[in-house]
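What follows is a single structure, written as structure tokens, with notes after it.
Only the coordinates and a few stated rules stand behind these numbers; no lab work does. Just so we're clear, the structure is a prediction, and the values are computed from it rather than from any experiment. Don't worry about glycine lacking a Cβ; one is built from the backbone with ideal geometry, like all the others, and counts go over all protein chains shown.
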Amino acid sequence: MSILLRCLHFALGRPVVPATLFGVWLVILYQVSNRIPKDMPDMLVPQQDKVLHFVFFLGGGATLAASLRLLTKLQGVSLMVAVGLVMGLLGALDEYNQQFIPGRSGLSPADWTADVSGALAGSWFLILLVRRLQEKAEWSRRRDV
């Protein structure tokens, strides 16, 4: 098994690793959400912020899915639903908070949709990754027998 697969197997087998990563993600979300726009880089393309929302919440969704999978044994669609609900709430709270930051607008349905879409994509990616790792492990076991 490659080093990358071993690292992923290690990280996805211990709840503390994805839970810590999700905690770090939450801290970063709080910091970014409370930044005043003068500190933010200019947008290079229209709607670039939606892509950033999607990608950022993809990471959060993947780490939350990994944590929930290990802590609650949720899998498949039920895992995606749980991630969608939690991340949807976090995205809504983020949008609500932004309306109180000078120079920011909040309550954007498009931003929230990008947040939830990214989180669902992250959980789906994690499900596929775990499935792939399980297939690799099974293939290795069969080969060694």
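Descriptive notes on the structure:
- Looking at segment 1-79, the trypsin sites (Lys or Arg not before Pro) that sit in a DSSP loop and have at most 14 other Cβ atoms within 10 Å of their own Cβ are 35, 73.
- Inter-label distance, nm, simple model (7 Å from Cα along the C-beta direction), residue 128/residue 110: 2.6 nm
- From helices alone, the chain scores -26500 deg cm²/dmol at 222 nm; the rule is -39500 (n - 2.57) for each run of n ≥ 4 DSSP H residues, then divide by the residue total.
- When +1 charges are put on Lys and Arg Cβ atoms and -1 charges on Asp and Glu Cβ atoms, the dipole computed for segment 90-145 relative to its Cα centre reaches about 480 debye.
- Net charge of neighbours whose Cβ lies under 14 Å from the Cβ of residue 95, counting Lys and Arg as +1 and Asp and Glu as -1: -2
- Unit charges on C-beta of K, R, D, E only; dipole of the chain, Debye: 760 debye
- Note on residue 97/residue 16: beta-carbon distance plugged into 1/(1 + (r/R0)^6) with R0 of 25 Å gives a FRET efficiency of 0.35.
- Lys/Arg +1, Asp/Glu -1 at C-beta; the chain dipole; positive extreme among 102, 54, 72: 72
- Neighbour cut-off at most 15 other Cβ (10 Å), DSSP loop, trypsin sites (Lys or Arg not before Pro), segment 108-145: none
- Estimated FRET transfer efficiency (residue 52, residue 142; beta-carbon r; R0 41 Å; 0.05): 0.45
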